[in-house]
Structure formats: C-alpha cells, structure tokens
Amino acid sequence: EGNLLDIVKSGGLGNYLRNLHEKYGDIASFWLFGPLLAVSVSSPNTADKLSHLFDKPTDLYEPLKAFVGKSSILFTNGNEARQRRALWNQLLLELLEKWADSPKDEHIPVQQYMKAFFAKLMLSIGFGDYFKKNGKLILEFGRTLEVCWLELESRVGNYVPEEESVRHSNFVKNCNSLREHIDKALQYYEDVESSHALLEPLILSKELKKDEILDDCMTYILKTYSLSTAAAWVLYELASKSEEPVLRDRNSIDNFVNKTLCNRVVESWTARVNNHVDEDIAGNTVPKGTPIVFALNSLLENEENCEFIFGCRRSKRYCPANNFSIKTLRLLVDYVTNNFMLNLVSSDLKPQTVNSIIERSEDELWITVTTKK
C-alpha cells in the first residue's frame with residue numbers, strides 16, 4: 001500500500017505533499033503504491049530543469065480511468081484547442097441577466113451557479129448545436145456529471161470499490177450515460193452541424209480512433225470542474241474584497257485572477273515521468289520510470305513562485321487549455337465587475353477546503369449581488 005493510507009488520512013495527495021515538503025524540504029520521496037517510489041518537487045528552479053519531460057505517470061491518474069477511458073490524453077498525448085470568445089459573451093450575458101432579475105438580498109450559491117454555467121459553456125462551445133439547442137439535455141448531463149464527480153472524489157481520496165459492488169455498477173452506468181450523449185453529439189456534428197465547435201479538430205480527426213476521440217472528449221468534460229471551481233473562488237474573492245473593487249483594466253484584472261489562483265490552488269499537483277533514461281534532480285539520480293510529482297500547492301505558498309500557476313511555458317506538455325481557462329476567468333471578472341457589486345453573505349464563515357482531485361470549498365460559498373446603476 002506504500003503511503004496510500006497516509007495520503008487518505010491527509011485528505012488527498014495535495015495535502016499529503018504539502019505536509020511532506022514542510023517536513024523534508026523542496027525535494028522528497030514517498031511510496032505511491034506498494035513498491036512504486038515517487039519523487040515530489042516544490043522548487044521552481046528544479047521544476048524548470050525538468051520542463052523537458054512530456055509523459056505523464058499513468059499510475060497517478062488510474063482512479064480517473066473509469067471515467068475518461070483508457071485512451072484519454074491523460075494516458076496518451078494532448079491535443080491543441082482553439083478559443084471561441086463569442087459564445088463566452090453570450091453565455092455570460094445570460095448569467096448576468098439572471099443575476100440582474102434576482103432580489104437584492106437573495107443569497108447566491110456560487111459553486112452551484114458556476115457548475116451549471118460551465119457545464120453549459122463547455123458543452124455548447126465544445127460540441128455545438130447538439131447541446132446548445134437543448135437546455136434540458138444540458139441540465140440532465142450536468143446532474144449526472146455531478147454524481148460521477150462525487151464518486152471520483154471518493155475513489156481518489158479512498159479505496160476503489162469492488163467491481164461487483166452496487167456502487168461500482170451505478171458509477172459505470174452514469175459514466176456510460178454521459179458517454180452516450182457525447183457520442184451522439186459527435187455523430188450530430190459530423191452529420192448535421194454547420195457552425196464551428198471548439199473541439200472540431202478533435203471531433204473530425206482522421207488520425208485518432210473513435211474510442212480515442214470519445215475518451216479525450218470525456219477528459220475535456222472532467223476539466224470542467226477545475227474551471228468552475230476556479231471561477232467560484234474568483235467570485236468569492238471578489239465578494240470578500242467588495243471594499244477594494246477591481247479596476248476594469250487589463251493589468252488589474254490579470255493581477256486579481258493570478259493572485260486568486262495562487263491563493264486558491266485548484267489543482268494542487270501535476271506529474272511527469274521519464275520512461276527512457278534516469279533523471280538527475282538536484283544531484284540525486286532518479287531511476288527511469290519513477291513518477292515525478294510537482295507539488296504546486298507547496299510551491300505557490302511563496303508568492304514569488306506565482307508565475308507557476310500558469311504552468312511552465314517551456315514544458316513539453318504545457319496544457320493547451322491553459323490560455324483558454326485564464327482568458328475565460330478574466331472575461332468573467334470583467335463582465336461581473338462591470339455589472340455588479342458582490343458581497344459575502346457572512347464574512348465570519350471561512351471556507352473549509354477538501355482536496356482530492358481538486359481543492360474546493362467543502363460547503364457552498366454564498367454571496368449577494370447588487371446591480372450597478
């Protein structure tokens with residue numbers, strides 16, 4: 001079992017790595033699963049020297065395989081994505097109109113709103129009219145996705161259930177339901193769609209098999225939760241700093257988003273592996289095939305390292321969706337600050353976080369909104 005029990009007791013790998021580095025410094029090793037040794041790094045200089053690594057250690061992502069599929073980019077290679085700002089604007093306006101119609105003192109559940117908003121956003125811009133023209137289908141998809149997500153969090157933070165169990169059977173059933181909708185959306189795009197979808201290069205790829213395309217689409221869906229959680233933290237921070245409004249200029253918005261993501265590290269770790277040759281890490285020889293984990297939450301406790309929130313741009317596997325995500329958050333801040341004043345329902349309630357797949361608030365984040373005149 002290696003340090004698995006310690007990871008579970010810590011509340012997830014992110015928390016375990018933070019404790020590990022507090023005790024042993026910037027470079028530390030631990031036993032992942034039984035005899036599998038892993039090395040964790042929280043030094044930006046050391047991480048930068050490892051930017052040539054491309055492959056991901058599949059063992060670390062194994063709990064997600066039942067959802068995303070064995071051919072997912074988490075287990076193979078990434079794909080380039082393009083941006084589509086027009087639909088962001090449309091969906092953000094819909095959100096603003098809904099907020100504008102709400103009573104002045106109505107309590108807004110930020111996490112719930114952002115999950116619904118980004119489910120609609122990512123399905124609509126990702127796959128086009130199959131979802132865009134069917135709000136009821138998006139709602140059904142979002143509810144099923146929530147059930148799957150909670151099960152994934154349980155699997156990452158605890159033991160995976162037996163394949164014969166009812167719990168596993170229900171999880172597979174819900175995953176298959178999501179995959180069936182995505183499969184229909186892909187077929188619709190090929191047969192009917194005339195407008196552009198963000199995932200068109202993936203959907204119409206001639207180089208990938210159908211299962212590989214479907215698995216990559218499920219990975220795209222999985223990442224919706226990282227983005228919606230980041231957005232929830234951004235709105236929470238806006239509300240908590242209502243007496244210090246963010247100026248509507250590019251630098252102010254950029255600084256606010258960057259600082260929020262440094263203080264609220266949604267994805268607390270990432271990992272690479274060299275399957276071909278040994279690696280030298282600060283004078284230590286790390287055998288090939290050893291997972292190398294980058295403890296982002298520990299690294300970002302030092303504000304001087306905040307640039308790492310965007311990932312190492314020289315990395316061979318720099319996330320193609322990174323710019324997409326950051327620009328989406330910037331746009332959200334721009335629209336919201338232009339139209340609303342946000343306030344916390346209670347400034348005395350400090351959010352407690354859970355950290356399994358991502359770091360999110362354990363309880364709902366409540367705010368009130370007032371339309372600017």
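The fewest-to-most ranking of Trp149, Trp269, Trp31 by surrounding Cβ atoms within 10 Å reads Trp31, Trp149, Trp269. Shown for Ser165, Ser42, Ser356, Ser298: other C-beta atoms within 10 Å of each C-beta, ranked fewest to most, produce the order Ser165, Ser356, Ser298, Ser42. Applied to segment 3-17, the Karplus parametrisation 6.51 cos²θ - 1.76 cosθ + 1.60 on θ = phi - 60° returns per-residue 3J(HN,Hα) values of 9, 4, 4, 5, 5, 4, 5, 6, x, x, 5, x, 5, 4, 5 Hz, with x for Gly and Pro.
Based on the Cβ-Cβ distance from Glu140 to Lys259, what FRET efficiency comes out when R0 is 45 Å, to the nearest 0.05?
Taking R0 as 45 Å, the efficiency between Glu140 and Lys259 is 0.75.
How about Lys288: which lysines have a C-alpha closer than 22 Å to its C-alpha, ignoring those fewer than 8 places off in the same chain? The qualifying lysines are Lys49, Lys56, Lys316. A straight chain from Asp334 to Asn251 at 0.36 nm per residue would run longer than the Cα-Cα distance by 28.7 nm. Using a simple spin-label model with pseudo-atoms 7 Å out from Cα toward Cβ, Asp59 and Asp211 lie 2.5 nm apart. Neighbours of Glu146 by Cβ distance under 12 Å: Lys/Arg scored +1, Asp/Glu scored -1, total -1. Label reach from Thr46 (point 7 Å along Cα→C-beta): in segment 1-38, amide nitrogens under 14 Å belong to 17-30, 38. Taking amide H positions as modeled 1.01 Å from N, with prolines and chain starts lacking one, the residues under 5 Å from Thr353 and 5 or more places away or on another chain are Glu362.
Using Cβ counts within 10 Å as a stand-in for footprinting exposure, how do Arg264, Arg248 rank, fewest first?
Ranking Arg264, Arg248 by Cβ neighbours within 10 Å, fewest first, gives Arg248, Arg264.
Throughout, read-outs are computed from the coordinates displayed, never taken from laboratory work. The structure presented is a predicted model; accordingly, all values stated were derived computationally and were not measured. When we count neighbours, we look across all protein chains shown, and the Cβ atoms used for this are built from the backbone with ideal geometry, even at glycine.
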